[in-house]
1. Which one is farthest from the chain's Cα centre (by Cα) among residues in region 336-378 that are assigned to a loop (DSSP other than H, G, I, E, B) and closer than 20 Å to TRP301 by Cβ?
2. Does region 253-278 hold any residues that are more than 30 Å from LYS187 (Cα to Cα) and either surrounded by 18 or more Cβ atoms within 10 Å (Cβ to Cβ) or of a type in the set (Phe, Trp, Tyr) (or both), and which are they?
3. When you check LYS286 against the structure, is it of a type in the set (Lys, Arg) and surrounded by 15 or more Cβ atoms within 10 Å (Cβ to Cβ), yes or no?
4. Return yes when LEU278 is touching a Lys or Arg at 6+ places or on another chain (Cβ under 6 Å) and under 19 Å from PHE79 (Cα atoms) and no when it is not.
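What follows draws every value from the coordinates through simple rules; no lab data is involved. Since the model is a prediction, treat every value here as computed from it, not as a measurement. Because the Cβ atoms are built from the backbone with ideal geometry, glycine has one as well, and the counts that use them run over all protein chains shown.
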Amino acid sequence: MGKTPSKKRKIIYTSIILVFLAIFTFSSFYYYHDIIFGPPVFFLEDDYIKVNLYPYNYKSAVIFTIDDVYKLTEPEKIFSITSLMEQYGYKVVFFVIPYYRGRYKITRTDPVVEALIEITQRGHEVGQHGLTHHIPKYRVGVANEAREFAGLPYGEQKRRIYVGKKILEDAGLTFNGFRAPAHSANKNTLNVLEHFGFIYGADAAVYPPPFTILANKRFVESVYYPYHPGDLNLIEFVGQGDFFRTHLPPESFAIIRERFERIYKYNGTFIFYSHINLINTPAAMKLLEETLKYLDTKNIWKPNMTELALWWQARESLYASTEVKGDTLIITLEKGNELKLEGLTINFKPSVSVKNYKIVDDNGDVIKKGKVEEGYVIIDY
């Protein structure tokens, strides 16, 4: 005899519940991976020491990025941002469109290029922002003409990134990073960036899982640390949100504070992003200054993206081991590459019962000696 209708319904309902639970479990693991497993580094702590993620005993890192700078951008809009940000010690990353809409090509004589070169000499940074920031006609499944790289094959992405890179270089700009327009990067984009030797990518949602319409938003809010997409050497940064748009809701600052506090709690990296025209409004600038005053109460590092990417590549491959000999804690450090860790901070835990410490490299050469009662030690390694 076949199954009765009630038994069939029971099997169907059970299957639906199991599928739902599987999706929920996968999504929860995906979205809370960084909280569950912590930062993706070889060594964070043991019974005696904790090695900070950032230099000079900073708890977290914050970077401000600005999109959509192009040939006709008024230099005053760039200087208005850098003038305010420099008061609080920040280095801004400006992502530049090389050939906006296929009509406005960046050249060496453009006033905006002179402004960008000037501010990079003060520690700010330039990155590449696609090629045209525009698709000439809507592609199937692409409803936003700004999503330049969505659906493009590897070869066309490679051509666009190469042409844009050459335009910016010919204009006299140097850069190490890339952000796809309208967050349209995919695996092909990242492979091209690796091919051309970019140090980092800075998209907002490269690999959201496909299960929910909230995937992009939740992905953005769940990435706490820089990471390597797939098996690439490229560092990927995920922006935490554009809070400085023209029509600002009254609760904007509360949203910034709540989201930042969550990432700060776990020693994460917070990447702000906005757009050059949208942030240059009285309301947005007011919110920006309020945000900067709030952040000034926190213990945060303020690098540009290249500085953070290079630091992270060095920090993630650092390994440490500890051993007590007599009245001395021996800390052996082993680097995974030749990148420098200036300001590397080692904190001593209360479980250290001896009085002295000695830090050595993997060859046994002494880097520094001192007293454990100092609480922490900062070295250049």
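1. At the first step, the residues of region 336-378 found to be assigned to a loop (DSSP other than H, G, I, E, B) are 336-341, 349-355, 362-365, 375.
Next, from what is left, pick out any that are closer than 20 Å to TRP301 by Cβ: 339-341, 375.
Numbers: LEU339: 19, LYS340: 20, LEU341: 19, GLY375: 30 Å.
Selected residue: GLY375.
2. PHE253
3. So LYS286 does not fit the description; no.
4. The answer is yes for LEU278.
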